[in-house]
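**Student:** Here's a structure for you.
The values are calculated or read from the model by the stated rules, or taken from the named source; none is laboratory data. Here the structure is a predicted model, which means the values were calculated and not measured. We place every Cβ from the backbone using ideal geometry, glycine too, and count neighbours over all the protein chains shown. We work out accessible area using only protein heavy atoms, side chains counted, and drop any ligands, DNA or RNA first. Shrake-Rupley method; radii C 1.70, N 1.55, O 1.52, S 1.80 Å.
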Amino acid sequence: MLEIKEVTNKKYLKEFVSLPLKLYKKDSFYASPLIKDMMEHLTDKNPFFKRAKAKFFIAYKDGKPAGRVAAIVNYAHLEFHNDSVGFFGLFECINDKEVANALFDKARKFLLKNNLKIMRGPMNLSTNEECGFLYEGFDTPSMIMIPYNPPYYNELSEAYGMKKVKDLFCFIVDVPEKLPVKIDRVAQFAEKHGIRTRTVKLKNLKEELYAFMEVYNEAWQDNWGFIPITKEEIDYMAEKLKPVAIPELVIVAEKDAEPVGFFGAIPDFNEVLRRLKGRLTPLSIIKALYYRKKIQSIRLLLFGVKSNFRHKGVESIMIREAFRGAVRHGFKKCEFSWILEDNYDTINLTQIVGAKKYKTLRIYERRID
């Protein structure tokens, strides 16, 4: 007995958001977002929905929740790319082809009704957030805002006729006491040509992230899947990042007081979330405060250099300053992710600091018209 229901009220939304807790109950690698935060994220409080719309569906098999999916029409993407692409995301499912196909069908039909011709995903909810299924690297837990799923999700996607459209790579490196000489030499070259760096002020994080928005919207505009970020989305991001950000890990590079590069790494808060199981109670708050001090790793989340300043040492000077901050705070590992498989400049940069590829995320698509 298989039934698909659309999320139409708060009760169903909570069931939609909570479903992974049941699927991953015995999986020590899974880190659930906080249920309350995720529920808010899927409402109009999220400025993403000012430029998009979505439907959420839950699959029930024999009366029990067995899977979920979101179908997403992203008007910002359509305006920028004009490619008739719609998206699926937030996919979770038991290992059952019938259930997965029924969920994919619901997403496909919604996108067809909106005159779209291609279904691509997963996007949770866009390329500016989590995207892709974990495809390689199941032997270690994923870091903050990097997808985690069982291997069979890829098999279910391919069985539905989806094909790979893009791979995203994750690289990891032990935080060294000293970076390679080449990094410091190139950083000094940048300094001689007037590049300066500064750390951000957390109390003004919204305004500080506007520098990132300026750099990102210029630096990434030719990248696959790019969607410009708005000020409202930056404000929303700042509220989410402020509790976990460390100023010494968020670096702005400037030339004549104008931002030309941005580097933002955050502690891997998944190390804490894996212990909270999606619930924020008085006891879990105590746990969070305790385990936050024990976080070992950081993830490079925000990174970009304006096109006119690439290959002029801006990347190196930001990495040098951020790694100095990582050492001061005692972090042991740094992940560079995610990086498009054909972004060779950034991949080469990870090689210079000795990082190794250890995870691959895969994005799929299929024609639906």
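**Student:** Check whether at least one residue in the range 148-158 is touching a residue at least 60 places away in the same chain (Cβ under 8 Å) and under 29 Å from residue 312 (Cα atoms), and report yes or no.
**Tutor:** no
**Student:** Say whether the condition of being assigned to a loop (DSSP other than H, G, I, E, B), open to solvent by less than 40 Å² (accessible area, probe 1.4 Å) and at pLDDT 95 or above is met by at least one residue in the range 131-139. Outline the logic, then answer.
**Tutor:** First pass over the range 131-139, keeping only residues assigned to a loop (DSSP other than H, G, I, E, B): 132, 137-139.
Keeping just the survivors that are open to solvent by less than 40 Å² (accessible area, probe 1.4 Å) gives 132, 137.
Next cut, at pLDDT 95 or above only: 132, 137.
Within the range 131-139 (the criterion being assigned to a loop (DSSP other than H, G, I, E, B), open to solvent by less than 40 Å² (accessible area, probe 1.4 Å) and at pLDDT 95 or above), the answer is yes, since at least one residue qualifies.
**Student:** Determine which member of the set 223, 270, 217 is within 14 Å of residue 128 (Cα to Cα), of a type in the set (S, T, N, Q) and out of contact with any strand residue (DSSP E or B) (no Cβ under 7 Å at 6 or more places or on another chain).
**Tutor:** Result: 217 is the single residue among 223, 270, 217 that is within 14 Å of residue 128 (Cα to Cα), of a type in the set (S, T, N, Q) and out of contact with any strand residue (DSSP E or B) (no Cβ under 7 Å at 6 or more places or on another chain).
**Student:** Can you pull out the residues in the range 106-122 that are touching a residue at least 60 places away in the same chain (Cβ under 8 Å) and within 25 Å of residue 21 (Cβ to Cβ)?
**Tutor:** Let us first name the residues in the range 106-122 that are touching a residue at least 60 places away in the same chain (Cβ under 8 Å), namely 106, 108, 111-112, 116-122.
Scanning the range 106-122 gives 106, 121, 122.
**Student:** Got a number for residues in the range 244-261 being surrounded by fewer than 22 Cβ atoms within 10 Å (Cβ to Cβ), in contact with a Gly (Cβ under 6 Å, 6 or more places away or on another chain) and within 22 Å of residue 291 (Cα to Cα)?
**Tutor:** 1
**Student:** Just one of (1) open to solvent by less than 30 Å² (accessible area, probe 1.4 Å); (2) touching an Asp or Glu at 6+ places or on another chain (Cβ under 9 Å); (3) among the aromatic types (Phe, Trp, Tyr) trips up residue 303, so point out which.
**Tutor:** Just one mismatch for residue 303, condition (1).
**Student:** Those residues that are in contact with a Pro (Cβ under 7 Å, 6 or more places away or on another chain) and not in a loop (DSSP other than H, G, I, E, B), I need them from the range 275-310; list them, please.
**Tutor:** Passing the criteria: only 298.
**Student:** Looking only at the range 319-338, how many residues end up being in contact with a Ser or Thr (Cβ under 6 Å, 6 or more places away or on another chain) and either assigned to a loop (DSSP other than H, G, I, E, B) or surrounded by 22 or more Cβ atoms within 10 Å (Cβ to Cβ) (or both)? Let's see the steps before the verdict.
**Tutor:** Residues of the range 319-338 in contact with a Ser or Thr (Cβ under 6 Å, 6 or more places away or on another chain): 321, 333, 336.
Filter again for either assigned to a loop (DSSP other than H, G, I, E, B) or surrounded by 22 or more Cβ atoms within 10 Å (Cβ to Cβ) (or both), leaving 336.
Residues that pass the stated criteria total 1.
**Student:** When the range 74-103 is examined, which residues are found to be in a helix (DSSP H, G or I) and hydroxyl-bearing (Ser, Thr, Tyr)? Steps first, please.
**Tutor:** Step one: list which residues in the range 74-103 are in a helix (DSSP H, G or I), which gives 75-81, 97-103.
Result: 75, single match.
**Student:** While we're looking at this one, here's another question. Open to solvent by 30 Å² or more (accessible area, probe 1.4 Å), at pLDDT 95 or above, closer than 19 Å to residue 69 by Cβ and of a type in the set (A, V, I, L, M), is that true of residue 165? Outline the logic, then answer.
**Tutor:** Details: open to solvent by 30 Å² or more (accessible area, probe 1.4 Å): yes; at pLDDT 95 or above: yes; closer than 19 Å to residue 69 by Cβ: yes; of a type in the set (A, V, I, L, M): yes.
Criteria met by residue 165.
**Student:** Ok, one more. Please work out if residue 346 is of a type in the set (S, T, N, Q), buried (at least 16 other Cβ atoms within 10 Å of the Cβ) and assigned to a strand (DSSP E or B).
**Tutor:** Working: of a type in the set (S, T, N, Q): yes; buried (at least 16 other Cβ atoms within 10 Å of the Cβ): yes; assigned to a strand (DSSP E or B): no.
Spelling it out, it is not the case that residue 346 is of a type in the set (S, T, N, Q), buried (at least 16 other Cβ atoms within 10 Å of the Cβ) and assigned to a strand (DSSP E or B).
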